[in-house]
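Notes follow the structure.
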């Protein structure tokens, strides 16, 4: 593996991490590190009602924490039971090092999610991370996903295995995987949750469950609506989730999941940079310039309208030393994604099966697995009528078949007390077969690749864990990269679609890190991870002058992704005055072009530094205090690094108040965000070369607040 290094012999990110880790590791060893296995903050832990080890196919937070202890790399564990506001995905994943989530409109929409830069170029259609529900893939067969379909309030906890630390057979990308573990009937009997706030935010969830000696069931229905901070930014989402588990004997259990989600939101789209401050709620069409007339959002009416039905089933059997798991899933997704110039109309069916066998013998442990995912997508493209947003001529008509066969074999060895070595290999055979039904012909592409990993963990004492791994990742393009569509804003008749032959994006990565605890229960949990990835054929998207995506290419001259992911959390007792609880996450992303057209430039799209922090006073049932989300440096929005169109750095100040009654049956919360009413860009279009005149920025949400009430029955 060809790993690019600094003149000192180590990648800069790794050198920095080694220095910090040495300082932290020197701290006193006074307590067990069980609560800091993943180095993340977990302030909202509550007692689980009725949950036992016998709950069918439903691991507990403790189970997952123990599993992550054996992973030789960066992970996150987020307990959502008892959490406060859950209006957006950022509420669930904030304060988590290594996970970069950039909001688009601040409502029910499509935030840009990436881990270690994987998939950052794909937005507003996401890829680069494998999303899972209870260990089974949520992505479409081509690897893409509609992030707005996620309903985190149905999850008991979230586990993120960053990069090569992913455990699923089909997770081979640079970003890794994020697993949403569902609430079940043993977690809660019933819940009513109501939320409301600024910009027409209102939401509710009603959930009901039950559990017996051999089984449980849970159903939750939610409705969310938002008028939006910006003009033409309203949205709504309705979802129903059901799961039921049962156990036969002492060694077999089964669980079934059924979900339906209906997602709709208007898209306010991008504006030139100067309007961030002059008109923070505005869209193209609010002004009287020729550009406003051409790109009028009200007339072109960009939006996304998506519905998904999903059924999944998983069985587990065996003993503690030899466990088998088999999962099956099917989902149908109808998706209308209309940007200002093109209607993208898709109807996809995805199905799959996944088998894993894991066990242990003496000092050895092993894991074998296989997964197959297949899917068919009918995709049509229509030019958008600039006068009223209706469909004009169809200019693309495709039948798209995607498939992936993934095999994994892993062998672990407890080489000595506290020392574990891991060797893992994944092999994938991926197909992308596209038929052009309008013009005839098509484009069939096959990708075969191996994704090996070597790792080691060393736990010299109970409160300190060190790890390292060396890996290769592979990311196959999705249909959103392979099928390109373009309709000039000033000439809809010139719309055209094409099929692109693209190479797989590969990366060789070295990762080191540590996690631990300093002090007793009132001490500090900490984690620190550094990585360095040499990326080849990185998938880069192209957009037109209006900000609409028009194509993808492989950057053949090489890129480097490196960074540091660090987290702290803890509690400081204040005698008889309660305690101070704190959490801090810092993600440093240093992504650059090695050679070629943009040699030496920063890759646009990811803030170099992202800091999230919160300080709460806790006493009785009260928790209250300030928080901040801080981008200390400006971020390039084009690969040419045109200084005039950098995203300006910002700091957003917030405040949180939460009260839980003594019996835990009901709670209330108040969240305030951007209390200084800072005007800033929450996200932006990524271009090769941009100009100040082009629309490219999304205004962030101004001062806002949310109140909520939860009753458990």
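Just so it is clear, none of the values below were taken in a lab; they were calculated from the coordinates. A quick note: this is a predicted structure, and the numbers were derived from the prediction, not measured. Note: ideal-geometry Cβ built from the backbone for every residue, glycine included; neighbour counts use all protein chains shown.
See the values below:
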quantity	calculated
Value of [θ]222 nm, deg cm²/dmol, for the chain, DSSP H segments ≥ 4, -39500 (n - 2.57) each, nearest 500	-1500 deg cm²/dmol
Peptides 549-558, 466-475, 576-585 ordered by average Cβ neighbours within 10 Å, highest first	466-475, 549-558, 576-585
Relative exposure of 342, 129, judged by other C-beta atoms within 10 Å (fewest first)	342, 129
FRET efficiency estimate (nearest 0.05) - Cβ-Cβ, residue 615 to residue 435, R0 60 angstrom	0.55
Label-to-label distance, nm, for residues given as residue 416 and residue 501 (7 Å Cα→Cβ offset)	5.3
Relative exposure of 64, 188, 236, judged by other C-beta atoms within 10 Å (fewest first)	236, 64, 188
Distance from the stretch 615-692 to the stretch 190-253 (C-alpha centre basis), Å	25
Spatial separation of Cα centroids for the stretch 291-340 and the stretch 507-569, in angstrom	24
Label-point separation in nm, residue 307 to residue 324, each point 7 Å along Cα→Cβ	3.9
Anisotropy class of the stretch 99-205 from Cα gyration tensor, a/c 1.5 cut	oblate
Ascending count of other beta-carbon atoms within 10 Å, so fewest first, for 646, 366, 684	366, 646, 684
For the chain, alpha-carbon Rg and Dmax in angstrom	24.4, 77
Part-to-part distance (alpha-carbon centres) for the stretch 139-168 and the stretch 695-713, which is given in Å	22
